[in-house]
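Input: a single structure, listed below in structure tokens.
Taken together, the values in this text are just the output of simple stated rules run on the coordinates, not laboratory data. This one's a predicted model, so the numbers in the text were calculated from it and none came from an experiment. All Cβ positions, glycine included, derive from the backbone under ideal geometry; neighbour counts span all protein chains shown.
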């Protein structure tokens with residue numbers, strides 16, 4: 001019985017690490033430009049729709065994100081640059097962002113859609129209930 005439990009556990013870890021590897025390959029070394037901001041799905045909310053449109057045409061206009069193979073992220077939004085370190089969860093669905101100095105995570109991105117050309121995500125820690133839709137500029 002222990003042998004089967006160990007085998008099943010090993011298989012699960014292998015499948016989870018495949019999720020991380022797939023995310024890395026699609027995410028790395030691309031310039032992800034924000035092209036849309038949308039409110040959460042569900043009941044139509046006029047105020048949230050207007051807020052998303054304002055963010056798209058203001059704070060996130062010309063915004064971009066970049067993730068390198070060596071665990072560095074770079075971003076520009078609201079006219080300001082940001083950079084730091086990042087890690088990807090084993091299943092590839094959460095990207096955790098860290099400052100250059102220290103180990104205290106300051107944001108997590110929930111991957112909603114990731115293809116070689118499109119990356120959609122929302123934040124977990126911040127009280128920001130919008131989805132950012134990005135496209136690869138490379």
Highest mean packing first, using Cβ neighbours within 10 angstrom, the peptides 43-53, 19-29 sort as 19-29, 43-53
Once you place label points 7 Å from the Cα toward the Cβ at residue 89 and residue 115, how far apart are they in nm? 2.3 nm
Add -39500 (n - 2.57) for each DSSP H run of 4 or more in the chain, then divide by its residues: what number comes out at 222 nm, to the nearest 500 deg cm²/dmol? -9500 deg cm²/dmol
Here, residue 53 and residue 137, labelled 7 Å along Cα→Cβ, have an inter-label distance in nm of 2.6 nm
Row for the stretch 26-96, column shape: gyration tensor on C-alpha, a ≥ b ≥ c, rounded if a/c < 1.5 i.e. under 1.5, prolate if a/b over b/c, else oblate; value oblate
Using the C-alpha gyration tensor of the chain, what are the square roots of 5 times its eigenvalues, in whole angstrom, with the largest one first? 30, 18, 14
Using r as the Cβ-Cβ distance of residue 101 and residue 124, and R0 as 22 Å, what FRET efficiency do you calculate, to the nearest 0.05? 0.50
Given a Förster distance of 41 angstrom, what is the FRET efficiency for residue 25 paired with residue 46, based on the Cβ-Cβ distance and rounded to 0.05? 0.55
Nearest 10 degrees is fine. How inclined is helix 2-27 to the longest principal axis of the chain, computing both from alpha carbons? 30 degrees
With angles folded into 0 to 90 degrees, how steeply does helix 46-57 sit against the dominant principal axis of the chain? Use alpha carbons for both and round to 10. 90 degrees
Please tell me the relative contact order of the chain in percent, rounded to the nearest whole number, where contacts are Cα pairs under 8 Å and at least six residues apart. 26 percent
Measure out, as a whole number of angstrom, how far apart the alpha-carbon centroids of the stretch 86-100 and the stretch 109-138 sit. 13 Å
